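Take a look at the structure set out below.
The values are calculated or read from the model by the stated rules, or taken from the named source; none is laboratory data. The structure displayed is predicted, hence computed values, not measured ones. Note that each Cβ is placed from the backbone with ideal geometry, even for glycine, and that neighbours are counted across all protein chains shown.
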2 protein chains.
Amino acid sequence: MSTIYDVAKLAGVSPKTVSRVVNGDAPVGKKTREKVEAAIRELKYVPSSAARMMRSNRSGLIGVVTGAISRTAELSDPKGLPDLFILQGIQQVVAERDLTLMIADTAGQIDKVPALLRTFQEHRVEGLIYVADYHKRVAFETATPACPLVLANCYDAHGTPAIVPDDKACEKRLVERLTAHGHRRIAYLTFDPAMDAVPLRIEGYREALEAAGIAYDPALVSTGYPINTEFLHQWLDEALDRILALPEPPTVICCGNDEMAMQLYGLLRTRGIRVPEDISIAGFDNYRAIAETLYPPLSTVELPYAEMGRQAAELLLSLISEEASRPHDPVRVAGRVFWRSSVTDLELESQTSKGG
Amino acid sequence: MSTIYDVAKLAGVSPKTVSRVVNGDAPVGKKTREKVEAAIRELKYVPSSAARMMRSNRSGLIGVVTGAISRTAELSDPKGLPDLFILQGIQQVVAERDLTLMIADTAGQIDKVPALLRTFQEHRVEGLIYVADYHKRVAFETATPACPLVLANCYDAHGTPAIVPDDKACEKRLVERLTAHGHRRIAYLTFDPAMDAVPLRIEGYREALEAAGIAYDPALVSTGYPINTEFLHQWLDEALDRILALPEPPTVICCGNDEMAMQLYGLLRTRGIRVPEDISIAGFDNYRAIAETLYPPLSTVELPYAEMGRQAAELLLSLISEEASRPHDPVRVAGRVFWRSSVTDLELESQTSKGG
DNA sequence: CTCCCAAAAGACATCGATGTCATAATTAAA
DNA sequence: TTTAATTATGACATCGATGTCTTTTGGGAG
């Protein structure tokens, strides 16, 4: 690999002049510049970032710690890949700013994190992002790292700057759309409330009901859908029995995610209940492989993971340049509703029946 | 960030001694070592890889160019993510050897590659891997890079070391299993032969037939399945008509991939044809979200992407250390057959009918 | 108590790029 | 043509770690 000295010698100038040509930070005579540029081409000179960094103390590196890459291997079901989308958003911003991403994969083992962080420190990354695979709380043993840190899709107890999905607002937006279309008996079947997202979404569900002047009916809400087990089908079956047997059964069922909605479609079909004529269904996640493929296509709401990645990167960069101060609370990012034909418009229906 | 000089001063020794403690490359007296280690902890000293690299000329970095991360965003169908699996294999090997991965995403634009390669060169990566999203031929304008390069899931015309999936062997293994189970009329519906993988797999199909003493019948083979378009269903429908109308119809249909097999299941169901009682089905890819979920579960064969990633990384490392010489031909990696119940055992069946 | 030898520690130069300051070349003004 | 004001270039030191060589220290033998 040739150095700035080799170029200088070949061009018959001083190394400093070559540096000036490369960085364009000071005027260089036209003839000199051309000689230098020719020498650079000739020797295929590429400056060493290591040497540059020694003086400038700027590495141009952003470190990301994630399990996204190794985790894909375990995937046997058509789920979304939140962390990958987040990674993609980060990648976009970082590329725009001419920074370089160093990605360290935890290979699923949290205990590998300290070693990865050390490697990042050795390379003097200017900032760090930790990306979690689902919305959760995390706690790192490690003392405060030497550079700004942003958490994405998670948060901690120490107020580390964090970007999290706005589960509450998303579910609220979705349910608002349901009430706007005349639904007033809205069931909600979802996961174990131990997952951070679940109580938040229920809160959003309640707020939307309240905004529409609808009383919250606990009989319409079931939590505890067992993810990834054989009992999933049975649980759903029983929950369905329960809510359909209510004196005032729901006109629409909201599901914890799109996959659950897909299961529900199958269950309803075997019971001869039509979607959306007999009952409407809404999902969560806008996992397009499901939402667009189901018949009828599923109304759902998305968590804007790529956007979260972008915001995490933007926040990190502003922390690095000290443009912004640390936000005390996690930044919540909401996504939009995707309205498809799995939900009936009851307003329209009642008008039609009045008219007809 | 504290330096080796800060540590030396605090410990009251020379920087060189600190270096010896850190690297353990020369004996240091016990008391001195303890003083130094205390100072390192006190100052949270982490050596600078940039400075280290200046002298040693070893960066400990491996660069990967891929579109895997940005491409996930476009995914709307439940397909596999070959490049991500490859990335994961690479990651494994690289982590084992205490090297650091730098991942550059092309964001889908090939023209970004030169800039990414330059960044890698600036960081003096010791080796490069280019990961393609499907088996294809590639051509880079760029002159030979300054460090060893390995292609994964692709190859070029210049004999650059490459790791590719062994499409031929995979299909051959699958069809061998079919013939072993008594199938002799084996249809094959697949994609456009312009895709590199298609003719290779057909070749494997033919070799397996030949090995079983079965004549190749072109009427049983249809290529040109239109991927990702609205005509996909129609194409499959017509192809099915054609092969089922043959004087001697097939007992099993091999599909270009598992997704296509899934479509075929649906089509057969609407025609009242049972799988595997009336006809057997085999897939390709072992995309578990499909193969394990379909009823009956799908017999298929996998392309060992993670293994390819590992082999690519191993090959690269041996090229770097000059242990191995460049292979002149792409290294082909075959995967195993996953035998599930979508294929009937005709041998068993004929025995049973004889017995009964 | 000396002397010698091995072990331990240090001095110094070096890797490549660049900031600082000094000097040479060029142009404009007198 | 000379001088002042630019503009263009170069000399040198520096960033942090470490390879090479030198010096110091300590311990055992004589």
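Quick notes on this one:
- Residue list for region A:262-291, restricted to those being without any contact (Cβ under 8 Å) to a residue 60 or more places away in the chain and either surrounded by 22 or more Cβ atoms within 10 Å (Cβ to Cβ) or under 20 Å from A:Pro193 (Cβ atoms) (or both): A:Gln263, A:Ile279, A:Gly283, A:Asn286, A:Ala291
- Some residue of region B:190-212 being in contact (Cβ under 8 Å) with a residue 60 or more places away in the chain and assigned to a strand (DSSP E or B): yes
- If the condition is being small (Gly, Ala, Ser) and facing chain B (nearest Cβ under 9 Å), then region A:105-114 contributes only A:Ala107.
- Filter result (near DNA strand C (Cβ under 9 Å from one of its atoms) and within 14 Å of chain B (Cβ to nearest Cβ)) within region A:1-40: A:Met1, A:Ser2, A:Thr3, A:Ile4, A:Tyr5, A:Asp6, A:Val22, A:Asn23
- Considering region A:9-57, the qualifying helices (runs of 4 or more DSSP H), each wholly inside and each with 2 or more residues that are of a type outside the set (A, V, I, L, M, F, W, C) and away from DNA strand D (no atom under 11 Å from the Cβ), run over A:30-43.
- Region A:83-100, subset within 9 Å of chain B (Cβ to nearest Cβ) and farther than 17 Å from A:Tyr305 by Cβ, residue farthest from the chain's Cα centre (by Cα): A:Asp98
- Number of residues in region B:215-250 that are assigned to a strand (DSSP E or B) and at pLDDT below 95: the value is 2.
- Every condition in (1) assigned to a strand (DSSP E or B); (2) closer than 22 Å to A:Asp285 by Cβ holds for A:Val175 except the one numbered (1).
- All positions within region A:175-191 that are under 13 Å from A:Ala211 (Cβ atoms) and crowded, with 21+ Cβ neighbours inside 10 Å: A:Val175, A:Leu178, A:Ile186
- Under the condition of being out of contact with any helix residue (DSSP H, G or I) (no Cβ under 7 Å at 6 or more places or on another chain) and among the aliphatic types (A, V, I, L, M), the residues counted in region B:144-191 number 8.
- Screening B:Gln311 on (1) surrounded by 17 or more Cβ atoms within 10 Å (Cβ to Cβ); (2) touching a helix residue (DSSP H, G or I) at 6+ places or on another chain (Cβ under 7 Å) shows it passes everything except condition (2).
- The residue that is farthest from the chain's Cα centre (by Cα), counting only those in region B:41-53 that are farther than 13 Å from B:Lys9 by Cα and more than 12 Å from DNA strand C (Cβ to nearest atom), is B:Arg41.
- B:Lys44 meets all of the listed conditions (1) modelled with pLDDT of 90 or more; (2) within 9 Å of another protein chain (Cβ to nearest Cβ); (3) more than 17 Å from A:Ile103 (Cβ to Cβ); (4) in contact with a helix residue (DSSP H, G or I) (Cβ under 8 Å, 6 or more places away or on another chain) but one, namely (4).
- Residue in region B:146-169 that is assigned to a helix (DSSP H, G or I) and of a type in the set (A, V, I, L, M, F, W, C) present: yes
- The number of residues in region B:241-261 that are surrounded by 18 or more Cβ atoms within 10 Å (Cβ to Cβ), over 18 Å from B:Thr293 (Cβ atoms) and of a type in the set (A, V, I, L, M) comes to 3.
- With respect to the conditions (1) out of contact with any Gly (no Cβ under 8 Å at 6 or more places or on another chain); (2) not assigned by TED's automatic domain parsing to the domain that holds B:Tyr134; (3) not acidic (Asp, Glu), B:Leu315 lacks only one, and its number is (2).
- Members of region A:192-213 found to be of a type in the set (A, V, I, L, M, F, W, C) and crowded, with 17+ Cβ neighbours inside 10 Å, listed by number: A:Met195, A:Ala197, A:Val198, A:Leu200, A:Ile202, A:Ala208, A:Leu209
- Residue check for A:Leu232: within 14 Å of chain B (Cβ to nearest Cβ) and touching an Asp or Glu at 6+ places or on another chain (Cβ under 7 Å): no
- A:Asp133 falls short on exactly one of the conditions (1) away from chain B (no Cβ under 14 Å); (2) modelled with pLDDT under 95; (3) farther than 16 Å from A:Arg201 by Cβ, and that condition is (1).
- Qualifying positions in region B:283-303 - out of contact with any Leu (no Cβ under 6 Å at 6 or more places or on another chain) and modelled with pLDDT of 90 or more: B:Phe284, B:Asp285, B:Asn286, B:Pro296, B:Pro297, B:Leu298, B:Ser299, B:Thr300, B:Glu302, B:Leu303
- Residue match in region B:64-78 (condition: without any contact (Cβ under 8 Å) to a residue 40 or more places away in the chain, within 13 Å of chain A (Cβ to nearest Cβ), out of contact with any His (no Cβ under 7 Å at 6 or more places or on another chain) and over 23 Å from A:Ile90 (Cβ atoms)): no
- Positions within region A:96-136 being part of a helix (DSSP H, G or I), among the acidic types (Asp, Glu) and crowded, with 16+ Cβ neighbours inside 10 Å, in sequence order: A:Glu122
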